[in-house]
1. Take the residues in the range A:246-300 that are out of contact with any Leu (no Cβ under 6 Å at 6 or more places or on another chain) and hydroxyl-bearing (Ser, Thr, Tyr); name whichever of them is nearest to B:ILE164 (Cα to Cα).
2. So A:ILE263 fits all but one of (1) over 16 Å from the mean Cα position of the chain (by Cα); (2) crowded, with 20+ Cβ neighbours inside 10 Å; what number is the exception?
3. Consider the range B:82-119. How many of its residues are assigned to a strand (DSSP E or B) and among the small types (Gly, Ala, Ser)?
4. Please go through the range B:149-175 and pick out each residue that is in a helix (DSSP H, G or I) and within 8 Å of chain A (Cβ to nearest Cβ).
5. I need the full set of residues from the range B:72-107 which are within 24 Å of B:ALA148 (Cβ to Cβ) and more than 9 Å from chain A (Cβ to nearest Cβ), in order please.
6. Please enumerate the residues belonging to the range A:99-130 that are part of a loop (DSSP other than H, G, I, E, B), polar (S, T, N, Q) and touching a helix residue (DSSP H, G or I) at 6+ places or on another chain (Cβ under 7 Å).
7. Tell me yes or no: at least one residue of the range A:218-241 is surrounded by 20 or more Cβ atoms within 10 Å (Cβ to Cβ), in contact with a helix residue (DSSP H, G or I) (Cβ under 7 Å, 6 or more places away or on another chain) and facing another protein chain (nearest Cβ under 9 Å).
8. Of all residues in the range A:256-290, which are within 12 Å of chain B (Cβ to nearest Cβ) and assigned to a helix (DSSP H, G or I)?
Amino acid sequence: MSADIHIAPTTDPAKLWRIASRVAGLAVVAALVMLLGGVGLPPLWSRIILLVGLVALAAVLLRGKYAKFFSGPSAYVATACLLLLIVLAIFATELSPQNPYDLRQLDIMDGRQPPGSTNFDRTLTFHLGTDEQGRDILSGILYGLRVSLSVSIAATLIAMLIGVVVGIYAAWAGGRIEAILMRIVDFQLSFPSILVALMLMAAFGRGLDKIVIALIIVQWAYYARTVRGTALSETRKEYIDAARGLGLPAWRIVFGHLLPNCIPPLIVISTVQVANTIVLESSLSFLGVGVPITQPSLGLLIANGYGYMLSGQYWMSMYPGVALLAIVAAINMVGDRLRDTLNPRLTR
Amino acid sequence: MSVLDIRDLQTHFFTDDGVVKAVDGVSFSLDAGEVLGLVGESGSGKSVTGFSILRLVDPPGRVVGGEILFHGQDLAQLSNREMRSLRGNRIAMIFQDPMMTLNPVLRIETQMVEAVRAHERISHAAARDRAITTLAKVGIPSAAERLAAYPHQFSGGMRQRVAIAIALLNGPELIVADEPTTALDVTIQSQILAEVQELARETGTALIWITHDLAVVAGLADKISVMYAGRIVESGPTDQVLAAPQHPYTAGLLGSIPGHGRRGERLTQIPGMAPSMSRLPVGCAFAPRCDLASEICRSTAPMVTETGAGQGYRCHHPNAAQKVAT
């Protein structure tokens, strides 16, 4: 029995990766807390930490599989595109020529200017034109990207959390509990999500927190169903019997042994689901029940310019639309690559 | 008092096709330091017997009758919490497939430390130390470094050693080993058998070794119980059962093993297949495959004939059985 692996205690790569992932995760959480709470480091530093942390997390996720992930030009383009859009969203405050939320910076006289025009005293060039209130479309897109992305990611993460707990509990408990939970999931999934979200938003009213809640309610069922499927097949495996044979308490088996084995399909559907959530949020905003008018997302920007489309002032709707298209396409392509890379079932 | 005393254990599975009596009246007992070989072909109920002892039988299966006395205490009477504190602590189980019994996404250290700390309030470092000593005991070199590895970084034999180490962690009084060497190649198998035997002797652990391979138990077990269709058809001290099998099934199993002094001879075979457990014949379950079967075998199931302490057989024609083997 010769040792077929060599692990030096100090430079054990697996251990370094583990530490890296923990540090990155902590950095992301800390940066978000500082940004949302307005405490600690100046926002610019928090944003840099956030970006670096996110990139590091992605690197940990793909460790040892870069060659497989970047196996074609589409992967490079999609990753570059997604990274660019994320950078733009995170640093929207620093990059955009104008703060579209600050009414003092807006001049109604600059309204509906075509792309490339300047403002009255020539201090500001509107590269993508302005909307009816003289708001720079480029700045609007950058801020809108931030709103769209953060709303969708927050909603996806929380929906995933709820869905995972429900799904894994259903699979573990079985019997009547499983039947009841899964019928609720079926019931939920039988409604078109846009319809449910519309009804919820009509009941809640506008607001960022409210749209996040509505998106969670619409989405958790997807995760519950996926996780239950994976967990059911994993529960039958012998390592679960072995864990029971060790006398571990049930919650430990479920969250310590079962859950980690259900993660890879979750990562894949959550990336694709973020794209779907962005589209859904934009649709709701377009229909006028989404984000508040003071914090425009991409959908709301499209809706604002929609009325002027036929009069030839295309830029108000089209450029936010292009941005929406780019982010959704980039996320979907990266998600596809992730699925091919992380899903062990496709490699066999 | 014996470590384990099983009396008339019955585990049935209530399926849509009817009740499957996977274990139907199994009795045996085991003293400290003793090794029992539970032998039988696939589907004879030997694994279910093992699972029943740890109360790990999943629905639709259920232990419907009999007693499982562990140090005189009936395990069926224990609450789930009490049972859980026994599992992995005083009664451990080793599973069949070493590729599957270790959680693929957790490091060995996590799994071993967890197994210790589930039963004892000790520090992570102390649990880790015990894991290292146990790994070294089952013959894993540079155990401290191996703790950081994932199961897929081990070979099959090493993984089974890890699984055995996990079973040994808390110094159990009884180990149920469910075909732990079946998935391994023969050299590794003999190494592990020798190590397990030594460990059992050293620590006085009682061991139930479930297998379909008589050759394995021949060198390992103190006594043998042969199972067929959910029942023990013959049991007794290993040398006596192997030297003078009373039941034609045991004789048939023995005759099918290639061995010394039989070069050039044909191996005997047992004709037919193991019966479907949901449609057992009225009389002796082995009758349709038995050369010696007569009218009484097809109409009446044979009762246990005791020939000594913990020694007996279920057959109407015991004396004729040895002729089959020779």
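1. A:SER270
2. All conditions pass for A:ILE263, except number (2).
3. Step one: of the range B:82-119, the residues assigned to a strand (DSSP E or B) are B:87, B:91-94.
Filter once more, so that each one left must be among the small types (Gly, Ala, Ser): B:92.
Going through the range B:82-119 one residue at a time, the tally reaches 1.
4. Keep residues of the range B:149-175 that are in a helix (DSSP H, G or I), which gives B:151-153, B:156-168.
Residues satisfying the conditions are B:GLN153, B:GLY157, B:MET158, B:ALA163, B:ILE166.
5. B:PRO98
6. Kept after step one, since they are part of a loop (DSSP other than H, G, I, E, B), are these residues of the range A:99-130: A:99-102, A:106-107, A:111-116, A:119-124, A:127-129.
When the remaining residues are screened for being polar (S, T, N, Q), the result is A:99, A:113, A:119, A:123.
Residues satisfying the conditions are A:ASN99, A:ASN119.
7. There is at least one residue in the range A:218-241 that is surrounded by 20 or more Cβ atoms within 10 Å (Cβ to Cβ), in contact with a helix residue (DSSP H, G or I) (Cβ under 7 Å, 6 or more places away or on another chain) and facing another protein chain (nearest Cβ under 9 Å).
8. Taking the range A:256-290 and keeping what is within 12 Å of chain B (Cβ to nearest Cβ), we get A:256-264.
Matches in the range A:256-290: A:GLY256, A:HIS257, A:LEU258, A:LEU259, A:PRO260, A:ASN261, A:ILE263, A:PRO264.
The values are calculated or read from the model by the stated rules, or taken from the named source; none is laboratory data. Please read these numbers as outputs of a predicted model, since none were measured by experiment. Virtual Cβ from ideal backbone geometry, glycine too; neighbours counted across all protein chains shown.
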